[in-house]
Amino acid sequence: MTKLSVNINKIATLRNARGGETPSVTEAAIKIQEFGGQGITIHPRPDERHITRKDVYDLKPLVTTEFNIEGNPHQSFIDMVLDVKPEQVTLVPDADDAITSNAGWDTKKHLDYLTEIIAEFKKAGIRTSIFLDPMPELVEYAAKTGADRIELYTEAYAKDYLTNKEQAIKPYYDTAVAATEFGLGINAGHDLSLENLKYFADNIPNLLEVSIGHALVSEALYMGLENTVQSYLKRLAKW
């Protein structure tokens with residue numbers, strides 16, 4: 001079964017809009033795990049506009065499932081991840097001023113850079129994942145970096161799902177097949193929702209994990225957090 005890791009950045013965004021500690025990022029993580037979530041994902045950025053460094057350290061002892069920290073591997077990020085030692089680090093090439101992640105790595109162009117960083121994380125016993133556009137030709141180079149997994153950047157799939165879902169998923173399927181051939185695990189995330197998740201999960205071979213934040217937190221405003229987490233888990237169930 002594909003694991004559900006819930007990205008709680010949007011909880012932090014809501015908290016920071018008012019200041020103080022409400023809603024609580026740590027309480028949200030605890031509840032998500034109680035409700036069946038199989039991982040917690042955060043993406044701290046240098047300006048701390050949502051998840052802060054304090055959040056990262058506060059969450060570490062509370063995440064009893066799987067802790068996944070995403071981010072652009074600047075030195076301060078690398079140092080923090082090596083200190084916290086989450087189960088997984090996902091490397092994302094987003095600019096500091098990006099509203100949200102908007103592209104995957106060119107693993108051929110950045111092969112040496114990624115190889116050096118990934119070796120450091122793996123030496124510390126941290127599983128590594130590379131954020132990747134659905135481009136099979138980049139998978140070989142992702143494997144050469146020594147990464148354990150790729151995370152498929154699913155914005156294009158979500159955008160085209162309603163108009164032509166078969167066409168939308170094809171490059172993701174092809175990339176997943178290539179990843180399997182090269183021995184890479186497969187994660188996915190960005191704009192996956194209750195509407196489009198099941199088709200994606202049913203058609204991507206060897207999908208290990210999805211990381212979902214914006215849609216899940218938004219849907220929880222209407223449905224409640226427990227019900228929403230359970231609804232996502234049902235979309236991922238194979239029966």
Looking at the range 180-206, which of the residues that are within 13 Å of the chain's Cα centre (by Cα) and among the aliphatic types (A, V, I, L, M) is nearest to His43 (Cα to Cα)?
-> Ala188
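This table checks each residue for (1) buried (at least 17 other Cβ atoms within 10 Å of the Cβ); (2) in contact with a strand residue (DSSP E or B) (Cβ under 8 Å, 6 or more places away or on another chain); (3) farther than 24 Å from Gly183 by Cα.
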site: Gln33; (1), (2), (3): yes, yes, yes
site: Glu70; (1), (2), (3): yes, yes, no
site: Gln75; (1), (2), (3): no, no, yes
site: Tyr113; (1), (2), (3): no, no, no
site: Asp133; (1), (2), (3): yes, yes, no
For Asp106, indicate whether it is acidic (Asp, Glu), farther than 27 Å from Val139 by Cα and in contact (Cβ under 8 Å) with a residue 24 or more places away in the chain.
-> no
Of these, Thr65, Thr41, Thr52, which one is out of contact with any strand residue (DSSP E or B) (no Cβ under 7 Å at 6 or more places or on another chain) and either open to solvent by less than 40 Å² (accessible area, probe 1.4 Å) or within 20 Å of Glu209 (Cβ to Cβ) (or both)?
-> Thr52
Condition test on Lys159, is it at pLDDT 95 or above, closer than 30 Å to Tyr57 by Cα and open to solvent by 40 Å² or more (accessible area, probe 1.4 Å)?
-> no
Scan of the range 5-25 for residues that are surrounded by 18 or more Cβ atoms within 10 Å (Cβ to Cβ) and within 20 Å of the chain's Cα centre (by Cα), ordered by number | Ser5, Val6, Asn7, Ile8, Asn9, Lys10, Ile11, Ala12, Val25
Out of Ala168, Ala215, Ala220, Ala201, which single residue is surrounded by 16 or more Cβ atoms within 10 Å (Cβ to Cβ), in contact with a helix residue (DSSP H, G or I) (Cβ under 9 Å, 6 or more places away or on another chain), at pLDDT 95 or above and closer than 25 Å to Tyr141 by Cβ?
-> Ala168
Go through Ala29, Ala17, Ala12 for me and flag whichever is farther than 30 Å from Asp112 by Cβ, touching a strand residue (DSSP E or B) at 6+ places or on another chain (Cβ under 6 Å) and of a type in the set (A, V, I, L, M).
-> Ala29
Residue under evaluation Leu192, criteria (1) of a type outside the set (Ser, Thr, Tyr); (2) in a helix (DSSP H, G or I); (3) crowded, with 22+ Cβ neighbours inside 10 Å; (4) touching a strand residue (DSSP E or B) at 6+ places or on another chain (Cβ under 7 Å), criterion not met = (2)
Some residue of the range 50-64 being out of contact with any helix residue (DSSP H, G or I) (no Cβ under 9 Å at 6 or more places or on another chain), at pLDDT below 95 and not basic (Lys, Arg) = no
Checked the range 63-84 for anything farther than 19 Å from Ile130 by Cβ and outside any helix (DSSP H, G or I); matches are Val63, Thr64, Thr65
Output the residues belonging to the range 141-167 that are under 17 Å from Glu195 (Cβ atoms), free of Cβ contacts under 8 Å to residues at least 40 places away in the same chain and of a type in the set (Phe, Trp, Tyr).
-> Tyr161
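The values are calculated or read from the model by the stated rules, or taken from the named source; none is laboratory data. Bear in mind that the values here come from a model prediction, so they are computed numbers and not experimental data. Here the Cβ is made from the backbone with ideal geometry for all residues, glycine too, and neighbour counts use every protein chain on show. All accessible areas refer to the heavy atoms of the entire protein, side chains included, with ligands and DNA or RNA removed. Shrake-Rupley method; radii C 1.70, N 1.55, O 1.52, S 1.80 Å.
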